[in-house]
Amino acid sequence: MGPEEDQILEDTLDGHPTLEVLDLTGNPHGEEGVRALCRFLSARTHQLAWCITGSLRAVPPRTPCFRLGAVVQDHELNLAHPQHRSILRCLVRRILELGGSLDESCLATIDGKRSRAWAELRGGLWHVPHQGKMLLRVKPLPGDLGKTGVEEVKRWTHRGRREVALTHFTALLSLYKGLSTEVDVRLFVNAVATEILFKPGQIKLLLDAKKNYATVAAAALLPSLAEVHYLKLQDLIHYPTVAGAQNVAHVISRLVHFNPNNPTGRYWLDMRNPTDRGVAHRLVLLSTWEAARAKARKIPDTSAAGDRSCLRNTTLDGKEVQLTAQLPQMGIVACDYVAAIRPDKAAVTVGDDQLGGVARAVVQAMVPVVARERALRAVSHRLVVTPAQVRGLLLDCSEEIGVWRVLVFICMFSRCVHQGTLVSAAVLRDPQLFMDASLEEVTHRLGLVATFDGLDLEAMTTPALHLDLAVYEQWVLGKFIFVLSGAEKGCEVECTYDGVSDFIVPNNWVEGPPQVGLLQVRYTCEPKKRALKRRIALGHRLLGWQSSAPLYGLLWPFLERRPSGFCACQRPVLGLAKAAHKVLGGVFACMRCDGFFGKA
């Protein structure tokens, strides 16, 4: 018996009322065969208490295989093949198990002709045709999106795996205890982790059963947990030596410290490590989830390629790739994740006292930068901060200015309100906080659109801004400039387009330039004619701003034109009214309009 026969066994033994012991010793099951056996053993429709396999003997499958997590896709099946008919019956049961229906969730053709009555339930068994080549297209199954990243990860793990009751887990445990070599252990844990949704106690029993292979088993099994918590993992894995504990901690570190409620950051993932692959799966899942939510809320697309993906700068062994659900099996994946959904105007910001505690415990801690970043990321999803508070955190980063400040800014970027203020000269473009190299690093990792200062367009286009309109991000910036030029009277737009100097901008460009050509543009507008409300509105429409202050405060190039004791909202900061303002890092932040307006 090989993987194909194991697939048939999974189908035919389903619901067997009396089978208690299954002896499969001496058969080359391979990883796909073990997956089929694990799915059968985890089902609640059998009475099996003991399963014996002996050596598993890795062999490749000769035909397509069924996966619990790969139901929603196109399935090409030859119905004359018994294993393909078994796959079809397993698909039917899984679709119904997930709440779908054969009529609404499936589109089937047999030999090129549409088929409606392709599965029939008779006597408690599903009957399917025995001839013809079938294409079964399974549509997305019903189910609401999770409200948070953690909820979406839980939903994904439950849909892609099957929970196993303790009474049926004993059969899986007996199979695992019968393995004698590391090759068999590795094959078993890699197979079972993709099909079974374990509870922490069940993983502990598996790890204790083969303590010599606990590192291999832990790396493969931990991604199958719906929620990974570091303190719980300490209870699961016990090592008599410090070296053994450090080895496991290193292998599982990226998964343990991954925060699905604020995944914004940079990742380096080894695709040979199952826990790193688990992180990659979660990043792809969260990107799809955020894209769907952002589209439903009509949040503008700030992705690198215009596909709403939150992943950018993705490489595999240094070569640019696009990360999908079909992950590579080998190599080092490096990518940046930038959350598409950020706090809106209804978000409640954290108090200064609470943030001060975080700053003292994390930002100013005398520990390695990696440890500080992990600690800040672990609590960041609980913080909603203002640009003034982000500036205060950055000023607390007294050391490693070029490294630690970049990490703090990127971690808090998706947790900050008033995004237009955050990327202005008040925070991101203040040379006291970020030097040119650090600013370029932040821009590269977060993207041109997300870090573009649309409120001070004159500074952004001095010297002239160079744009390749065939690149989506740069085209969005060009659109921002030309749409604004149609709203601000008295502005001047100097362009060089495809080598043509003093290019006369066509009238229809005020709705957006063409998505082709090289453009150099410089934008100037008299201070009195600048339409700040229009710039803010365009920031919400094109740049991904999801909240902004009622009044920005003041554009930085004109600070010297306004009395230093007044904010743009004309509220004095001196005398009795000074209590209504706060000084943070040498920059006044108006409590009335939350705008930055001058240096102390």
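Quick check: is even one residue across segment 407-416 more than 23 Å from the chain's Cα centre (by Cα), closer than 27 Å to residue 294 by Cβ and part of a helix (DSSP H, G or I)?
Filtering segment 407-416 down to residues more than 23 Å from the chain's Cα centre (by Cα) leaves none.
No, because not a single residue in segment 407-416 is more than 23 Å from the chain's Cα centre (by Cα), closer than 27 Å to residue 294 by Cβ and part of a helix (DSSP H, G or I).
What tally of residues in segment 1-30 results from selecting those that are assigned to a loop (DSSP other than H, G, I, E, B), charged (D, E, K, R) and touching a strand residue (DSSP E or B) at 6+ places or on another chain (Cβ under 8 Å)? Show your work before the answer.
Of segment 1-30, the ones assigned to a loop (DSSP other than H, G, I, E, B) are 1-2, 13-20, 24-29.
This time we only want the ones that are charged (D, E, K, R), so: 14, 20.
Now narrow it down to the ones that are touching a strand residue (DSSP E or B) at 6+ places or on another chain (Cβ under 8 Å): 20.
Residues in segment 1-30 being assigned to a loop (DSSP other than H, G, I, E, B), charged (D, E, K, R) and touching a strand residue (DSSP E or B) at 6+ places or on another chain (Cβ under 8 Å): 1 in total.
If you go through segment 297-311 one residue at a time, how many are in contact with a Ser or Thr (Cβ under 7 Å, 6 or more places away or on another chain) and in contact (Cβ under 8 Å) with a residue 60 or more places away in the chain? Let's see the steps before the verdict.
First, pick out the residues of segment 297-311 that are in contact with a Ser or Thr (Cβ under 7 Å, 6 or more places away or on another chain): 303, 309-311.
Now restrict to residues that are in contact (Cβ under 8 Å) with a residue 60 or more places away in the chain: 303.
Within segment 297-311, residues that are in contact with a Ser or Thr (Cβ under 7 Å, 6 or more places away or on another chain) and in contact (Cβ under 8 Å) with a residue 60 or more places away in the chain number 1.
Does at least one position in segment 97-109 carry a residue that is of a type in the set (Asp, Glu), touching a strand residue (DSSP E or B) at 6+ places or on another chain (Cβ under 7 Å) and surrounded by fewer than 12 Cβ atoms within 10 Å (Cβ to Cβ)? Outline the logic, then answer.
Initially, segment 97-109 is screened for residues of a type in the set (Asp, Glu), giving 97, 103-104.
Still in the running and touching a strand residue (DSSP E or B) at 6+ places or on another chain (Cβ under 7 Å): none.
There is no residue in segment 97-109 that is of a type in the set (Asp, Glu), touching a strand residue (DSSP E or B) at 6+ places or on another chain (Cβ under 7 Å) and surrounded by fewer than 12 Cβ atoms within 10 Å (Cβ to Cβ).
Against the definition (of a type in the set (Val, Ile, Thr), more than 22 Å from residue 313 (Cβ to Cβ) and part of a helix (DSSP H, G or I)), how does residue 362 come out, yes or no? Spell out how you get there, then give the answer.
Values: of a type in the set (Val, Ile, Thr): yes; more than 22 Å from residue 313 (Cβ to Cβ): yes; part of a helix (DSSP H, G or I): yes.
Criteria met by residue 362.
Looking at segment 148-182 only, could you name the residues that are of a type in the set (Val, Ile, Thr) and closer than 20 Å to residue 292 by Cα?
At the first step, the residues of segment 148-182 found to be of a type in the set (Val, Ile, Thr) are 148, 150, 153, 157, 164, 167, 170, 181.
Correct list: 148, 150, 153, 157.
Hey, does segment 352-360 have a residue that's open to solvent by less than 20 Å² (accessible area, probe 1.4 Å) and in contact with a His (Cβ under 8 Å, 6 or more places away or on another chain)?
no
Restricting to segment 258-287, what's the tally of residues that are farther than 19 Å from residue 156 by Cα and either of a type in the set (Asp, Glu) or open to solvent by 10 Å² or more (accessible area, probe 1.4 Å) (or both)? Give the steps one after another, and end with the answer.
So in segment 258-287, the residues farther than 19 Å from residue 156 by Cα come out as 264-273.
Subsequent filtering for residues that are either of a type in the set (Asp, Glu) or open to solvent by 10 Å² or more (accessible area, probe 1.4 Å) (or both) retains 266-268, 270, 272-273.
Here the count works out to 6.
Give me a count of the residues in segment 141-173 that are open to solvent by 20 Å² or more (accessible area, probe 1.4 Å), modelled with pLDDT of 80 or more, within 30 Å of residue 17 (Cβ to Cβ) and in a helix (DSSP H, G or I).
Within segment 141-173, residues that are open to solvent by 20 Å² or more (accessible area, probe 1.4 Å), modelled with pLDDT of 80 or more, within 30 Å of residue 17 (Cβ to Cβ) and in a helix (DSSP H, G or I) number 2.
Is there any pair with a first residue in segment 5-21 that is within 13 Å of residue 87 (Cβ to Cβ) and a second that is open to solvent by less than 50 Å² (accessible area, probe 1.4 Å) and outside any helix (DSSP H, G or I) whose Cβ atoms are under 6 Å apart and which are 6 or more apart or on different chains, and what are they?
6/29
Checking residue 178 against (1) farther than 27 Å from residue 212 by Cα; (2) surrounded by fewer than 18 Cβ atoms within 10 Å (Cβ to Cβ); (3) in contact with a Gly (Cβ under 8 Å, 6 or more places away or on another chain), only one condition comes out false. Which one?
(1)
Does segment 439-448 hold any residues that are open to solvent by 10 Å² or more (accessible area, probe 1.4 Å) and either of a type outside the set (Val, Ile, Thr) or not in a helix (DSSP H, G or I) (or both), and which are they?
Going residue by residue through segment 439-448, those that are open to solvent by 10 Å² or more (accessible area, probe 1.4 Å) are 439-441, 443-445, 448.
If the condition is that a residue be open to solvent by 10 Å² or more (accessible area, probe 1.4 Å) and either of a type outside the set (Val, Ile, Thr) or not in a helix (DSSP H, G or I) (or both), then 439, 440, 441, 444, 445, 448 are the ones that fit.
Would you point out the residue of segment 391-406, among those that are under 19 Å from residue 424 (Cα atoms) and under 23 Å from the mean Cα position of the chain (by Cα), that is modelled with the highest pLDDT?
So, considering only residues that are under 19 Å from residue 424 (Cα atoms) and under 23 Å from the mean Cα position of the chain (by Cα), the one modelled with the highest pLDDT is 406.
Which of the residues that make up segment 376-390 are open to solvent by 40 Å² or more (accessible area, probe 1.4 Å), without any contact (Cβ under 8 Å) to a residue 40 or more places away in the chain and in a helix (DSSP H, G or I)?
First, the residues of segment 376-390 that are open to solvent by 40 Å² or more (accessible area, probe 1.4 Å): 378-379, 381-382.
Among the residues that remain, those that are also without any contact (Cβ under 8 Å) to a residue 40 or more places away in the chain are: 379, 382.
If the condition is that a residue be open to solvent by 40 Å² or more (accessible area, probe 1.4 Å), without any contact (Cβ under 8 Å) to a residue 40 or more places away in the chain and in a helix (DSSP H, G or I), then 379 is the only one that fits.
Between 494, 473, 488, which is farther than 27 Å from residue 301 by Cβ and surrounded by 11 or more Cβ atoms within 10 Å (Cβ to Cβ)? Don't jump to the end; show me each part of the working.
Working: 473 fails: farther than 27 Å from residue 301 by Cβ; 488 fails: farther than 27 Å from residue 301 by Cβ.
Within the list 494, 473, 488, the selection yields 494.
Take the residues of segment 515-546 that are assigned to a strand (DSSP E or B) and either closer than 11 Å to residue 455 by Cβ or of a type outside the set (A, V, I, L, M) (or both): which is nearest to the chain's Cα centre (by Cα)? Before the answer, list the steps.
Residues of segment 515-546 assigned to a strand (DSSP E or B): 518-524.
If we keep only those that are either closer than 11 Å to residue 455 by Cβ or of a type outside the set (A, V, I, L, M) (or both) too, we end up with 520, 522-524.
Working: 520: 34, 522: 36, 523: 36, 524: 39 Å.
Once the filter is applied, the top-ranked residue is 520.
Against the conditions (1) buried (at least 20 other Cβ atoms within 10 Å of the Cβ); (2) within 30 Å of residue 25 (Cβ to Cβ), where does residue 183 fall short? Just the number, please.
Tallying (1) buried (at least 20 other Cβ atoms within 10 Å of the Cβ); (2) within 30 Å of residue 25 (Cβ to Cβ), residue 183 fails exactly one: (1).
In segment 421-437, which residue that is among the small types (Gly, Ala, Ser) and open to solvent by less than 10 Å² (accessible area, probe 1.4 Å) is farthest from residue 340 (Cα to Cα)? Working first, answer last.
Of all residues in segment 421-437, those among the small types (Gly, Ala, Ser) come to 424-426, 437.
With open to solvent by less than 10 Å² (accessible area, probe 1.4 Å) added as a condition, the list becomes 424, 426.
Values: 424: 19, 426: 22 Å.
Step by step, filter segment 421-437, then rank; the result is 426.
Determine the pairs where a residue that is open to solvent by less than 60 Å² (accessible area, probe 1.4 Å), located within segment 120-135, has a partner that is of a type in the set (Phe, Trp, Tyr) with Cβ atoms under 9 Å apart, the partner being 6 or more residues away or on another chain.
128/118; 129/118; 134/118
With the requirement that a residue be farther than 26 Å from residue 275 by Cβ and either within 15 Å of the chain's Cα centre (by Cα) or at pLDDT 95 or above (or both), what does segment 305-340 give you? Even if it seems obvious, please write down each step before you answer.
Of the residues in segment 305-340, the ones farther than 26 Å from residue 275 by Cβ are 305-308.
The answer is 307, 308.
Pick out the one residue from 192, 216 that is open to solvent by less than 10 Å² (accessible area, probe 1.4 Å) and either touching a residue at least 24 places away in the same chain (Cβ under 8 Å) or not in a helix (DSSP H, G or I) (or both).
Working: 216 fails: open to solvent by less than 10 Å² (accessible area, probe 1.4 Å).
Among 192, 216, only 192 is open to solvent by less than 10 Å² (accessible area, probe 1.4 Å) and either touching a residue at least 24 places away in the same chain (Cβ under 8 Å) or not in a helix (DSSP H, G or I) (or both).
Any chance segment 452-459 includes a residue that's more than 19 Å from residue 525 (Cα to Cα) and either in a loop (DSSP other than H, G, I, E, B) or open to solvent by 10 Å² or more (accessible area, probe 1.4 Å) (or both)?
Filtering segment 452-459 down to residues more than 19 Å from residue 525 (Cα to Cα) leaves none.
No, there is no match, as no residue in segment 452-459 is more than 19 Å from residue 525 (Cα to Cα) and either in a loop (DSSP other than H, G, I, E, B) or open to solvent by 10 Å² or more (accessible area, probe 1.4 Å) (or both).
The values are calculated or read from the model by the stated rules, or taken from the named source; none is laboratory data. Here the structure is a predicted model, which means the values were calculated and not measured. All Cβ positions, even for glycine, are placed from backbone atoms using ideal geometry, and neighbour counts span all protein chains on display. SASA here: full protein model, heavy atoms, side chains in, ligands and nucleic acids out. Shrake-Rupley method; radii C 1.70, N 1.55, O 1.52, S 1.80 Å.
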